[in-house]
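The values are calculated or read from the model by the stated rules, or taken from the named source; none is laboratory data. Note that this is a predicted model, so its numbers are computed, not measured. Note that we place each Cβ from the backbone using ideal geometry, even for glycine, and neighbour counts take in every protein chain shown.
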Amino acid sequence: MSKPPQPNATTAQVDRLVEGLDLAAANEQVAEVAARVAGLGSVAVAALARGLFARGEGRREKVAVLLACLTGEAASWAAAELEQIVNARPLNPTERAWVVAILRRLSEEADGPGESQRATPQDLLDDETELLLWRDELASLAPDDQENAIAPLLQDGNPDFLPLVEMAMSLASPRLDAAVASSLARFATPATLPLLRELLRRPDAAVRKLARAALVALERQGVATRDLFVAQAPRDEPVAACLATRPDGAGHIALLVARGRTPGRLRYAMAIVDPIESGIARVWGETGLTEAELRERVADYARQSRQEFLPLDLATAQAIVAAAEDYARKQGKHLPPDYVAWRRCIGSPPCDAEMPVVFGPSCSRCGTRIRNLQIVRGGCIAGRVALCANCAAKSRACAACGRHLDHYLDDYSFRTSADGSLIEFLCTACSHKAGKSR
Ligand SMILES: [Zn+2]
Ligand SMILES: [Zn+2]
């Protein structure tokens with residue numbers, strides 16, 4: 001009579017099976033090895049699942065391929081073990097990418113598609129902070145490891161993974177871009193179109209070629225690709241706040257969009273829009289905030305920048321940010337690297353909105369293109385109108401009392417004229433009076 005195998009002996013046996021696996025072998029051979037592990041029972045399957053975290057050449061890939069072959073009871077054993085690991089210890093972002101991909105597949109295998117509502121680390125997929133952490137870790141890996149880290153996501157073709165794929169693309173590595181472009185058709189959904197649009201604009205010709213092939217492949221699968229250059233579907237998460245500062249003298253506007261369904265788990269994105277030079281000067285945000293914390297952040301920023309936040313309708317805020325992105329691209333400026341994550345929170349404009357700013361402003365009198373230097377020398381921007389330094393110097397008299405105002409010696413304010421076509425100046429005394437009579 002043979003004794004049941006000891007756990008250690010079982011682990012060693014699984015190790016040998018994994019080691020002996022040839023990834024280049026035919027699918028049937030791989031499935032056979034997976035079946036042998038499953039045949040050793042739950043202890044063996046758990047040992048196999050733990051192998052997903054083992055370092056060593058190609059080991060993780062072999063384990064992933066074997067896990068993907070498991071079915072029925074063995075799939076649920078593996079899923080249970082992975083869930084336990086996810087809950088027991090913090091995983092680094094690359095490990096999480098692997099677990100997310102494998103766990104999805106196992107849960108579907110064990111519970112049937114659509115029913116897997118298990119402890120999948122969902123946070124990684126829709127929390128911007130987590131996404132950026134994951135991207136930063138990906139950035140620190142060697143090129144081979146980067147490709148390995150996104151391989152399970154690309155093989156899976158689950159649209160839920162597209163935010164991670166988009167993060168990988170934000171590294172602008174031609175190798176990763178090529179890997180994404182050659183796998184995008186597997187996702188078979190219009191949700192891939194924004195990513196495809198990005199790849200079609202890449203400077204690397206090989207990447208663009210692969211992207212065009214992906215476009216054709218998606219079309220063949222019946223995905224409506226004619227909306228390729230149309231705004232993407234809006235994020236459906238409710239908006240908790242949409243605020244903006246008034247444009248400052250150089251036209252900069254701070255915009256904040258906060259969203260959240262669960263109180264205590266709000267997120268916000270803040271963008272500093274620069275209509276003269278960079279389009280989007282800075283972008284940042286936070287996730288997992290309470291309402292009180294969100295209010296605190298807004299108040300802190302207002303205090304530090306000495307600006308007031310006013311409510312703005314979401315479509316206008318989205319249109320400003322979208323125009324800023326467009327302007328940056330046309331100017332050949334780099335968008336801030338974290339923009340790709342935070343623009344998810346901001347969302348895309350549903351339609352054209354009337355905008356309170358002009359990107360790439362020109363002098364309303366002489367048509368000179370306004371640059372930062374013009375502003376330093378006394379040029380100004382008020383909403384959609386602007387004056388270059390020369391025209392401002394010529395016309396800088398108080399609109400109320402007619403006194404000439406010196407850019408360097410006098411304090412003055414400026415505003416859009418009543419008909420909206422020009423900038424007018426006010427001396428401090430008159431602007432004080434005007435402020436009182438309002
Ligand atoms: Zn001018
Ligand atoms: Zn005056």
List the pairs whose first member sits in the stretch 194-206 and is at negative phi, whose second member is part of a helix (DSSP H, G or I) and among the aromatic types (F, W, Y), and whose Cβ atoms are under 8 Å apart, counting only residues at least 6 apart or on separate chains?
-> R197/F229
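Yes or no, residue by residue, for (1) touching a Ser or Thr at 6+ places or on another chain (Cβ under 6 Å); (2) over 23 Å from K333 (Cα atoms); (3) buried (at least 22 other Cβ atoms within 10 Å of the Cβ):
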residue: R186; (1), (2), (3): no, yes, no
residue: T189; (1), (2), (3): no, yes, no
residue: R208; (1), (2), (3): no, no, no
residue: A213; (1), (2), (3): no, yes, no
residue: V257; (1), (2), (3): no, yes, yes
Determine if the stretch 298-313 includes at least one residue that is under 21 Å from the mean Cα position of the chain (by Cα) and modelled with pLDDT under 95.
-> no
Out of the stretch 400-422, which residues are within 12 Å of ligand 2 (Cβ to nearest atom) and in a loop (DSSP other than H, G, I, E, B)?
-> A400, C401, G402, R403, L405, D410, D411
Quick count over the stretch 283-327, residues being among the hydroxyl-bearing types (S, T, Y), surrounded by fewer than 18 Cβ atoms within 10 Å (Cβ to Cβ) and touching a strand residue (DSSP E or B) at 6+ places or on another chain (Cβ under 6 Å), is 0
If you take just the helices (runs of 4 or more DSSP H) that sit entirely in the stretch 155-211, which of them hold at least 1 residues that are over 15 Å from the mean Cα position of the chain (by Cα)?
-> 174-183, 193-200
Result of the Cβ filter at 8 Å on the stretch 402-420, keeping first residues that are assigned by TED's automatic domain parsing to the domain that holds D248 and surrounded by 15 or more Cβ atoms within 10 Å (Cβ to Cβ) and partners that are outside any strand (DSSP E or B) and charged (D, E, K, R), at least 6 apart or interchain, is none
Positions within the stretch 379-399 being touching a helix residue (DSSP H, G or I) at 6+ places or on another chain (Cβ under 6 Å) and either free of Cβ contacts under 8 Å to residues at least 24 places away in the same chain or within 16 Å of ligand 2 (Cβ to nearest atom) (or both), in sequence order | G379, A389, C398
Of the residues in the stretch 385-398 that are buried (at least 17 other Cβ atoms within 10 Å of the Cβ) and within 14 Å of R415 (Cα to Cα), the one that is nearest to ligand 1 (Cβ to nearest atom) is L387
Where residues in the stretch 345-370 are buried (at least 16 other Cβ atoms within 10 Å of the Cβ) and farther than 18 Å from E325 by Cβ, which of them is farthest from ligand 2 (Cβ to nearest atom)?
-> T368
Here the residues within the stretch 262-278 that are crowded, with 24+ Cβ neighbours inside 10 Å, out of contact with any Gly (no Cβ under 7 Å at 6 or more places or on another chain) and farther than 17 Å from W342 by Cα are none
